[in-house]
Each structure stands twice: as C-alpha cells, then as structure tokens.
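Report on the following structure.
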Amino acid sequence: MVALFVGGTSGIGEHAAKRLASAIKLPTIYIIGRSQTASSVIIEDLGQINANGSYMFKHCDISDLELIDTLCKEIAAQEAAVDLLFLTAGALSFGKQESDTKAGIDLNHMLRYYSLSNSYPVTMTSVLFEALAAKNPTISFIHEFPGFVATPLLKHALGSVIGSIMSVLMKPMMMAGSESGEWSVFLSTSSSFPSKGRSANKENTSRKESRIAQSSIGRVGDGVYLLNYNGNDVTNQRFMEQLRVAGFPLIVEKHTLKTYRVILS
Ligand SMILES: NC(=O)c1ccc[n+]([C@@H]2O[C@H](COP(=O)([O-])OP(=O)(O)OC[C@H]3O[C@@H](n4cnc5c(N)ncnc54)[C@H](OP(=O)(O)O)[C@@H]3O)[C@@H](O)[C@H]2O)c1
C-alpha cells in the first residue's frame with residue numbers, strides 16, 4: 001500500500017500515518033510538509049513501528065501550486081499507483097497580511113481547498129468531491145470532520161505560551177491523537193466506503209451491502225462520503241441537493257481548474 005500524508009509532519013496526519021504503519025504489513029508512506037526536523041523524528045518512529053515499511057519525507061509548501069505540481073510528478077515517477085491520499089495540511093490563521101500566499105489567495109483557503117484537503121472551503125470540498133467522483137469511479141472520496149483532537153495546532157497558531165494554555169483548557173473536550181489515528185485508518189481502509197464503480201459492481205457489494213454507507217448523494221455507496229470522525233454520516237442532504245440542482249459541482253470544478261491554470265501560468 002502506498003499512502004501519502006500531506007500534513008503528516010504533525011497532528012492528525014502524523015497519528016494516522018503511525019497507525020497505518022502498524023496496521024499494514026508492507027506500507028510505503030510518504031510524509032509531506034515543510035518541517036524536515038519533525039519529519040526525521042516521525043520517519044524514525046515509523047521504522048520502529050514497522051521495520052518492513054518504506055518511509056520517505058518530501059518537502060513541499062502546499063500553498064505553492066507549482067511545488068505541488070513538481071511533487072506529483074516526482075511521486076508519479078517513483079510509484080505505479082497511490083492507494084491513499086490523506087490530506088490534513090492546514091493552519092489556524094488570524095491575520096490576513098501574514099496569511100496571503102504567493103498567488104494572492106488567503107493561506108487557509110489555499111491549504112484547505114486549492115491544495116485539496118473548511119464553512120465555505122468545507123462545502124466547496126464536498127461539492128468538488130462529487131464532481132471528481134463522477135469522473136473517477138475507481139476512487140473513493142471521504143471528507144471527514146476529525147473531531148477535536150489534541151495536536152500542536154493551537155501552539156502552531158498562537159505560539160507556545162498561549163497555545164499551551166489554550167490546549168490545557170481545551171484538553172477535556174479533545175480526543176487523544178492516538179484515538180484520532182485509529183479512526184482515520186478505519187475510515188481510510190473500511191469497505192463501508194467504496195468507490196462509485198465498486199459499489200456499482202453487485203458482485204463486490206452483495207455480501208457486505210448492509211455495511212455500505214450512504215453517500216452524499218443519498219444513495220448507498222456512491223463514492224463520496226461526508227463523515228464525522230467515527231464514520232457517522234453528517235451530510236445535509238437537502239443542502240447538498242440544492243447545490244447539485246444549481247449545478248455547483250461543475251461550477252466549483254471549473255472555477256478550481258481555472259484558478260489552477262491562472263496560478264500555474
Ligand atoms: N486538531 C483539531 O482538533 C482539528 C479539528 C478540526 C479541523 N482541524 C483541521 O485539520 C488540519 C490538521 O490539523 P492538526 O491538528 O493536525 O494541525 P497541526 O498539528 O498543526 O498539523 C498541521 C500540518 O499541516 C502542515 N502544513 C501547514 N501548512 C503547510 C504548508 N504550507 N505546506 C505543507 N504543509 C503544511 C504542517 O506541516 P509543516 O509545518 O511541516 O509544513 C503539519 O503537518 C488543519 O487544517 C486543522 O484546521 C483540526
């Protein structure tokens with residue numbers, strides 16, 4: 001299994017990568033982010049969790065689409081296929097000036113949407129997933145709310161003093177990183193969330209049909225799943241249907257491709 005953890009140098013992505021390494025016999029795991037120091041420690045930990053796996057760090061600032069393009073080419077040259085793309089790169093940004101990207105797009109929006117990984121970036125991602133699933137029936141798309149997870153996110157956003165105080169105050173409401181890792185690996189590998197093509201194939205689904213989840217479209221297994229951290233469906237069916245009727249999946253897809261073209265040219 002080849003898995004890419006974009007945002008795997010910390011927090012939710014790091015915990016998911018570590019749990020996956022213990023669950024799979026021969027994992028190939030790419031940790032993608034900017035911090036070489038954090039990645040070295042994580043790669044060492046992964047080797048201790050499962051000595052039979054291959055673990056690599058790829059440096060990439062995903063607020064820069066050109067760098068993402070280069071990264072994709074590098075990975076395509078190295079791997080025949082990618083089985084899991086786990087996207088958690090993100091930050092809490094409070095100041096516009098500091099948070100603008102090279103392309104002039106708000107950093108948080110760039111990290112959570114254009115680089116593909118939350119109200120309107122959340123909805124845009126869900127809607128785009130429907131458009132992508134229609135064209136890529138062999139790929140399953142899961143858009144997950146991870147719950148409140150004890151990670152260095154607040155420290156990264158607020159600095160170590162205020163971030164640590166806030167983390168301590170919020171600790172009773174947060175799940176441990178290791179539990180988040182368990183849920184992430186469950187959602188990423190469960191047969192309850194098949195791709196559109198796979199669920200259309202009755203031979204594959206009949207045996208396990210009762211366990212297949214309802215997709216964002218309201219049908220059992222249709223390739224796009226909007227989930228809580230524990231796999232519960234959180235789709236607002238009425239709202240998604242209104243967006244679909246208004247043609248939003250195509251509009252968002254076209255807008256995204258146009259933005260990519262503008263930035264990359
Ligand atoms: N933790 C929660 O309770 C929670 C709840 C809901 C949603 N979320 C969202 O989930 C995402 C992950 O949260 P987390 O708690 O795991 O945060 P975290 O511990 O701060 O990890 C953030 C990850 O994103 C990477 N990253 C940030 N900017 C990047 C960039 N420009 N290029 C490449 N990688 C970048 C960081 O890597 P480098 O620093 O190495 O680049 C790091 O690996 C965030 O979007 C967060 O808002 C978190």
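Quick test for you: out of Leu153, Leu158, pick the one residue that is closer than 20 Å to Thr9 by Cβ, surrounded by 13 or more Cβ atoms within 10 Å (Cβ to Cβ) and either within 8 Å of the ligand (Cβ to nearest atom) or under 21 Å from the mean Cα position of the chain (by Cα) (or both).
Residue meeting the stated conditions: Leu153.
I need the full set of residues from the stretch 72-94 which are farther than 26 Å from Lys155 by Cβ and surrounded by 15 or more Cβ atoms within 10 Å (Cβ to Cβ), in order please.
Ile75, Val82, Leu84, Leu85, listed by residue number.
When residues of the stretch 17-34 are filtered for being within 9 Å of the ligand (Cβ to nearest atom) and part of a helix (DSSP H, G or I), how many remain?
0
When Gly47 is evaluated against the numbered criteria (1) within 16 Å of the ligand (Cβ to nearest atom); (2) over 25 Å from Glu144 (Cα atoms), which criterion, by number, is the only one it fails?
The number of the failed condition is (1).
Looking at (1) at pLDDT below 90; (2) surrounded by fewer than 16 Cβ atoms within 10 Å (Cβ to Cβ); (3) assigned to a helix (DSSP H, G or I), which one does Met124 not meet, given that it meets all the others?
All conditions pass for Met124, except number (2).
The values are calculated or read from the model by the stated rules, or taken from the named source; none is laboratory data. In this text, all values refer to a predicted model and were calculated from it rather than measured experimentally. Using ideal geometry, Cβ is built from the backbone for each residue, glycine included, and neighbour counts are taken over all protein chains shown.
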